[in-house]
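Below is one structure, written out as structure tokens; comments come after it.
The values are calculated or read from the model by the stated rules, or taken from the named source; none is laboratory data. Treat the numbers as computed from the prediction; the structure is a model and nothing was measured. Quick reminder, even Gly has a Cβ in these numbers, built from the backbone with ideal geometry, and neighbours come from all protein chains shown.
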Amino acid sequence: MRAIKSKNTKMEVKLAKELWRRGYRYRKNNKDVFGKPDLTFKKLKIAIFVDGEFFHGKDWSTQKYRIKSNREFWWKKIEGNIARDKKVNAQLRNNGWKVLRFWSKEIHKEFEICLKKIEEEIKKSKMLKYSEVKELLNINVTKPEQTELAYLTHYLQSQGNASANHFKEPATEYIKDSDFDLQVNEKDPNQITIPIKWDVPYPPPKKPKFKFIDLFAGIGGFRLAFQKLGGKCVFTSEWNHFAQKTYEANFGEVPFGDITKIDEENVPDHDILIAGFPCQPFSIAGVSKKNALGRQHGFKDETQGTLFFDIVRILEKKKPKTFLLENVKNLVSHDKGKTFIVIREALKELGYNIHYKVLDGKYYVPQHRERILIVGFREDLFKGKEEFEFPEKEEVPYVLEDILKKEVEDKYTLSDKLWKYLQDYAAKHKAKGNGFGFGLANMDGVTRTLSARYYKDGSEILIPQEGKNPRRLTPRECARLQGYPDNFLIPVSDNQAYKQFGNSVVSPLMEAVGENIVIEIEKLNGRNSSESDPVRSGVTDGLL
Ligand SMILES: C[S@@+](CC[C@H](N)C(=O)[O-])C[C@H]1O[C@@H](n2cnc3c(N)ncnc32)[C@H](O)[C@@H]1O
């Protein structure tokens, strides 16, 4: 048998020497670290092992049969070694270590690749976590319009990409004014980069497929859906600072505030504009009539002074390939249908081909929630040939019981006073022939629509309880009712949380619609892979 050498093997020495030459300082065979790794970077919690093929059982399932003599002894020994290596890996990883194992032959034949793997790991471990940056730079949403935090976090999310230029200056000022101990880029002192490990539930994707913006973002129901589809959010706006707080806790980004104050020039290029905008009437006096100068008003002009106009001006300036707008079902009948006509025509005037449909969230979560979705495709790019269709489902996959918690605190049970009030109120309206009143939910069915007023008395969705007054849903249950996963953080009071989830969207439904939009964008990119979008560079520009 070959000579046994477990420490300072030739390949181990070769690796150690080169790392030392490159300026990395480690300890060899550190007894204080479990498994006594060949090299350890203790502060960075990186353990490196260089394993000999024979003793550590490389390709053991086949190699074991090549042993001819003393088989029983060697099988037992090597299998013991394999089990021990596994245990060492597991324990180190449990304790937060990163374990890198190389075969001796890898070091011999693919030396540079091995070194690169180690260097990448060192670089990653040196990165600050977002939670650390957050504390050091005081990223804490406490009041409305903390625009400096929006610039800073948008910059941190986009650094190294084309969109970063939109946020760089104010972000750099903010960082320079803080006590943050910055390692300024030696080549370009004006270029501040802070490599970050994103320890938030929904970090930005590493290799995004497309870019989108999230307007009237609320707590990010759309962002959740479109990030899952591989998109990178490059801009977001939401003026309620409680919603901003929830958004930041989950995505690591503070939205910009009032959309009416946002200059469209400051919005980075994107492929999809997304907005669940509030519904407001238009005074359509001027539509189709000649104005004082004898010119016809466009529909776009009719939207002036409304929040829809802010969407219009961003669409006009940025010309994204597509958009997705969401609103309450009766947008179509609002103001005798005039509101919808203005919206539709204004979008067409901007050069988009429009698709719209009312969809129900109950095919994705146990909640009846009908919303109109309007999807637009740029006519000059898609030539009206997009094969987009809204998803159609017929089966209701969940019932209310599926999302309820087993144990719920007493505070969610209605007080006798409130329960009596709700019953009296319902009885009064019933006597008058009205259908108003509370809604005792059917456990085997879907609920009524969760609204932003749920925090007041919870009357639209009450959970019956045996021997007790009914209870409201908890904020977590409301999150589930909108399709939010349980790792979505809720850092605000119950009342704020009810408002936030009530205002939000059935995220999985938005994902299903988004999937069909993304398919069309990908098809377009496939068609245009040789020629790029004449107006904007988008998915294909590689500058994410
Ligand atoms: C229907 S909610 C959209 C919720 C969002 N889709 C979600 O998933 O949470 C509309 C949002 O627009 C915000 N909003 C209203 N006016 C605004 C303005 N002028 N600027 C920015 N946000 C605004 C509201 O605070 C509200 O959160």
Those residues of the range 213-250 which are over 20 Å from P278 (Cβ atoms) and part of a strand (DSSP E or B) amount to G231, K232, C233, V234
If you scan the range 340-365, which residues turn out to be among the β-branched types (V, I, T) and closer than 30 Å to G483 by Cα? I343, I354, V358, V365
Take L347 and tell me if it is away from the ligand (no atom under 16 Å from the Cβ), at pLDDT below 95 and buried (at least 17 other Cβ atoms within 10 Å of the Cβ). no
Every residue in the range 265-311 that is surrounded by 11 or more Cβ atoms within 10 Å (Cβ to Cβ), at pLDDT 90 or above and away from the ligand (no atom under 16 Å from the Cβ), please. P268, D269, H270, D271
Among the residues of the range 251-260, how many are under 18 Å from L273 (Cα atoms) and either small (G, A, S) or within 11 Å of the ligand (Cβ to nearest atom) (or both)? 6
Among the residues of the range 504-530, which ones are modelled with pLDDT under 95 and over 18 Å from E386 (Cα atoms)? S530
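Residue-by-condition table, conditions (1) more than 12 Å from the ligand (Cβ to nearest atom); (2) touching a His at 6+ places or on another chain (Cβ under 8 Å); (3) not assigned by TED's automatic domain parsing to the domain that holds Y498:
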{"site": "F212", "(1), (2), (3)": "yes, yes, yes"}
{"site": "I219", "(1), (2), (3)": "no, no, yes"}
{"site": "R223", "(1), (2), (3)": "no, no, yes"}
{"site": "K228", "(1), (2), (3)": "yes, no, yes"}
{"site": "C233", "(1), (2), (3)": "yes, no, yes"}
{"site": "E238", "(1), (2), (3)": "no, no, yes"}
Do we have R453 as surrounded by 12 or more Cβ atoms within 10 Å (Cβ to Cβ) and touching a Phe, Trp or Tyr at 6+ places or on another chain (Cβ under 9 Å) here? yes
What number goes with the only condition from (1) surrounded by 14 or more Cβ atoms within 10 Å (Cβ to Cβ); (2) under 23 Å from G257 (Cβ atoms); (3) at pLDDT below 95 that I192 does not pass? (2)
Mind checking whether some residue in the range 60-68 is of a type in the set (G, A, S) and either farther than 17 Å from W103 by Cβ or surrounded by 11 or more Cβ atoms within 10 Å (Cβ to Cβ) (or both)? no
Residues satisfying the stated conditions in the range 502-522, i.e. within 9 Å of the ligand (Cβ to nearest atom), in a helix (DSSP H, G or I) and within 16 Å of the chain's Cα centre (by Cα): S507, M510
When you scan the range 458-492, how many residues do you find that are of a type in the set (D, E, K, R), in contact with a helix residue (DSSP H, G or I) (Cβ under 6 Å, 6 or more places away or on another chain), more than 25 Å from F251 (Cα to Cα) and not in a strand (DSSP E or B)? 1
So W97, is it surrounded by 11 or more Cβ atoms within 10 Å (Cβ to Cβ) and more than 44 Å from the chain's Cα centre (by Cα): no
Here the residues within the range 136-164 that are out of contact with any Phe, Trp or Tyr (no Cβ under 8 Å at 6 or more places or on another chain), assigned to a helix (DSSP H, G or I) and at pLDDT below 95 are A162
Restricting to the range 217-255, give me the number of residues that are among the aromatic types (F, W, Y) and under 13 Å from Q500 (Cβ atoms). 2
Inside the range 314-339, can you point out the residues that are polar (S, T, N, Q) and modelled with pLDDT under 90? N330, S333, T339
Looking only at the range 456-475, decide whether some residue is of a type outside the set (F, W, Y) and within 16 Å of the ligand (Cβ to nearest atom). yes
So, V200, is that one surrounded by fewer than 24 Cβ atoms within 10 Å (Cβ to Cβ), more than 11 Å from the ligand (Cβ to nearest atom), at pLDDT below 95 and in a loop (DSSP other than H, G, I, E, B) or not? no
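Conditions (1) more than 29 Å from E302 (Cα to Cα); (2) more than 24 Å from the chain's Cα centre (by Cα), marked per residue:
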{"residue": "V328", "(1), (2)": "no, no"}
{"residue": "I343", "(1), (2)": "no, yes"}
{"residue": "A346", "(1), (2)": "no, yes"}
{"residue": "L350", "(1), (2)": "no, yes"}
{"residue": "E387", "(1), (2)": "yes, yes"}
